[in-house]
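Enquirer: Before anything else, here's the structure in question.
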Amino acid sequence: MAKATFLWSKAPILCKVSATPRQAVRRLSLSGDKVHARKDAHSNLLSKKETSSLYKIQFHNVKPECLEAYNSLEAEVQNKLHQDKDYPCEVVGSWTTWYGEQDQAVHLWRYRGGYPALTDCLMKLKNNKEYIEFRKERAKMLLSRRNQLLLEFSFWNEPLPRPGPNIYELRTYHLKPGTMIEWGNHWARAIRYRQENNEAVGGFFSQIGQLYVVYHLWAYESLQSREETRNTAWLKEGWDVNVYNTEPLTERIESRIMIPTKNSPLQ
């Protein structure tokens with residue numbers, strides 16, 4: 001297959017403008033089994049053993065006057081990477097924040113093959129002159145950016161493309177150090193309370209970057225649908241117990257409501 005090239009239009013920019021994860025040694029089940037603390041890494045105890053996928057989440061704070069140009073440029077590059085099988089990465093979803101931190105873009109990438117796939121992709125992009133030019137143009141549009149490497153909880157759905165229209169909620173939990181296993185035990189049982197409306201998209205925990213951070217990604221038809229779905233969960237016996245048990249494990253909780261970009265596989 002011919003390799004994709006990264007070409008951008010010459011239109012003026014209207015503003016001044018970022019080894020495989022070790023597989024799990026056991027899986028958390030929805031039947032109430034627990035993972036007990038022992039001398040092993042969270043990545044082994046909590047992540048999926050069926051896959052060696054690694055995820056990267058990016059947060060880009062965009063200059064307000066550049067958001068439209070940024071989305072257009074980012075979409076073009078993402079499409080090029082998808083078309084080129086020589087790059088072992090794929091965009092899971094791309095969004096802009098609606099409620100939460102404003103003028104922010106969020107991208108979730110998957111690397112099937114883990115750290116070797118990530119390294120392979122980065123090395124190839126490092127030598128791709130068109131991609132280097134893209135980064136230079138993108139840098140003119142950004143105020144700041146950050147990223148994290150994540151693993152997927154064994155008991156969550158794998159995030160797969162879905163039709164829209166939907167809004168997405170990214171809930172971020174900053175856990176107290178040492179509580180990740182306990183968090184996983186509670187949510188391995190609690191996730192079944194949040195499946196009826198197909199709202200559960202994916203659940204992840206950080207590996208590199210800020211640690212003891214958990215991300216839950218949900219999809220809803222609307223803000224009203226979100227409210228109704230969440231209220232329904234409270235009517236199910238056991239959901240209140242999960243909230244009661246997990247709240248003390250957190251230091252801080254954030255919620256973003258996001259709108260998918262036109263090219264996002266999650267619509």
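The values are calculated or read from the model by the stated rules, or taken from the named source; none is laboratory data. It should be emphasised that the depicted structure is a prediction, and the values quoted were computed from it without experimental measurement. A quick note on method: Cβ atoms are made from the backbone with ideal geometry, for glycine too, and the neighbour counts reach across all protein chains shown. Calculation scope for accessible area: heavy atoms of the full protein, side chains included, ligands and nucleic acids excluded. Shrake-Rupley method; radii C 1.70, N 1.55, O 1.52, S 1.80 Å.
Enquirer: With every protein chain kept in the model, how would you rank Val243, Val201 by accessible area, 1.4 Å probe, largest at the top?
Expert: Numbers: Val243 30, Val201 5 Å².
These residues rank, largest area first, as Val243, Val201.
Enquirer: Another question, then. How charged is the neighbourhood of Val92? Take every other residue with its Cβ under 12 Å from the Cβ of Val92, and add Lys/Arg as +1 and Asp/Glu as -1. Before the final figure, lay out each step's value.
Expert: Working: positive: Lys56, Arg110, Arg112, Arg162; negative: Glu90, Glu152, Glu158.
In short, +1.
Enquirer: With the alpha-carbon atoms as the only input, what is the per residue convex hull volume for the stretch 128-255 in Å³?
Expert: Numbers: hull volume 19.3 nm³, N = 128.
Output value, Cα hull per residue: 151 Å³.
Enquirer: Where in the stretch 154-210 are there GluC sites (Glu not before Pro) that are in a DSSP coil and have at most 15 other Cβ atoms within 10 angstrom of their Cβ? Please report the intermediate quantities before stating the final value.
Expert: Numbers: sites: Glu169, Glu182, Glu196, Glu199; in loops: Glu196, Glu199.
Filter output for the stretch 154-210: Glu196.
Enquirer: OK, next. Once you keep just the Cα pairs under 8 angstrom separated by 6 or more residues, what percentage relative contact order results for the stretch 44-260? Spell out each step's value before the answer.
Expert: Numbers: 369 pairs, mean separation 58.9, N = 217.
It comes to 27 percent, rounded to a whole number.
Enquirer: Take every Cα-Cα pair in the stretch 44-260 and report what % of them are more than 22 Å apart.
Expert: Working: 12579 of 23436 pairs.
The calculated P(r) of the stretch 44-260 puts 54 percent of pairs beyond 22 Å.
Enquirer: Report the FRET efficiency, 1/(1 + (r/R0)^6), for Asn245 and Leu142, where r is their Cβ-Cβ distance and R0 is 51 Å, rounded to 0.05. Kindly include the intermediate steps, with their values, before the conclusion.
Expert: Numbers: r = 40 Å, r/R0 = 0.77.
Between Asn245 and Leu142 the formula returns 0.80.
Enquirer: Could I ask something else about it? What accessible area, in Å² to the nearest ten, does a 1.4 Å probe give for Cys66?
Expert: Looks like 0 Å² after rounding.
Enquirer: I would also like to ask the following. Can you give the accessible area of Glu251 in Å² (nearest 10), computed on protein heavy atoms with a 1.4 Å probe?
Expert: Around 130 Å² of this residue is reachable by solvent.
Enquirer: Further question on the same structure: How far is the Cα center of the stretch 61-87 from the Cα center of the stretch 145-166, in Å?
Expert: About 19 Å separates the Cα centre of the stretch 61-87 from the one of the stretch 145-166.
Enquirer: Classify the stretch 66-172 from the C-alpha gyration tensor, please: rounded if a/c falls under 1.5, else prolate or oblate depending on whether a/b exceeds b/c.
Expert: Verdict is oblate for the stretch 66-172.
Enquirer: Continuing with this model, one more query. Can you sort Glu237, Glu152, Glu221, Glu76 by solvent-accessible area, 1.4 Å probe, largest first? Could the numbers behind the result be given before it?
Expert: Values: Glu237 175, Glu152 5, Glu221 145, Glu76 65 Å².
Largest accessible area first, the residues go Glu237, Glu221, Glu76, Glu152.
Enquirer: Quick one: order His107, His82 from most to least accessible surface, probe 1.4 Å. Please report the intermediate quantities before stating the final value.
Expert: Working: His107 5, His82 70 Å².
Sorted descending by solvent-accessible area, the residues read His82, His107.
Enquirer: Keeping all protein chains in position, work out how much accessible area Arg192 exposes to a 1.4 Å probe, and write it in Å² to the nearest 10.
Expert: Near enough 110 Å² of accessible area.
Enquirer: Sticking with this one: Computing the accessible area with a 1.4 Å probe over protein heavy atoms, can you report the carbon and sulfur percentage for the stretch 44-260? Walk me through the intermediate numbers first.
Expert: Working: 4860 of 9680 Å².
The computed percentage sits at 50.
Enquirer: Tell me the per residue accessible area of the stretch 44-260 using a 1.4 Å probe; a whole number in Å² is fine.
Expert: Details: 9680 Å² over 217 residues.
That works out to 45 Å² for each residue.
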